[in-house]
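All remarks here apply to the structure that follows.
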Amino acid sequence: MTYTFEATARFWKEFRKLGADERASARAAFKIFKANPFDPRLGTHRIAKLSAHARHPIFSAVVENNLRVIFRIDGQVVTSLDIGSHDIYK
């Protein structure tokens with residue numbers, strides 16, 4: 001499936017706060033993510049609590065160690081909602 005990718009203002013705000021190494025890791029992960037958001041290397045999984053709250057499936061992908069991206073999919077549009085530690089799950 002071919003996706004269109006978008007990101008929220010919150011995602012970009014948090015992305016700019018990351019250190020240079022984390023931003024580089026995020027860019028490398030995005031290359032994989034763009035080819036397939038469910039690539040096994042990303043450990044993508046549904047976040048039940050956020051999904052229930054949003055009333056829409058919310059997923060998380062692992063960038064590195066404790067750095068995650070949360071996103072949603074609407075048809076062919078993937079929207080990155082936030083990036084950060086596990087604290088973004090709250």
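We did not get these values from a lab; they are worked out from the coordinates using the rules stated. All values reported here derive from a predicted model rather than from experimental measurement. Here Cβ is always computed from backbone atoms with ideal geometry, including for glycine, and neighbour counts include all displayed protein chains.
Separation of the stretch 1-33 and the stretch 72-87 by C-alpha centroid, Å? Between the Cα centre of the stretch 1-33 and that of the stretch 72-87, the gap is 10 Å. Rounded to the nearest whole Hz, the Karplus-based 3J(HN,Hα) values (6.51 cos²θ - 1.76 cosθ + 1.60, θ = phi - 60°) of the stretch 71-77 follow the sequence 8, 10, 10, 10, x, 9, 9, with x at glycine and proline.
Please give the calculated 222 nm ellipticity per residue for the chain, where each DSSP H segment of at least 4 residues contributes -39500 (n - 2.57) and the sum is spread over every residue; nearest 500 deg cm²/dmol? Computed mean residue ellipticity for the chain: -10500 deg cm²/dmol.
Among 55, 68, 41, 23, which comes first, then next, by fewest other beta-carbon atoms within 10 Å?
Values: 55 7, 68 23, 41 11, 23 15.
Lowest count first: 55, 41, 23, 68.
Tell me whether the stretch 25-90 comes out rounded, prolate or oblate; compute the Cα gyration tensor, take square roots of the eigenvalues as a ≥ b ≥ c, and use a/c under 1.5 as the rounded threshold. Oblate, because a/c is 1.5 or more while a/b does not exceed b/c.
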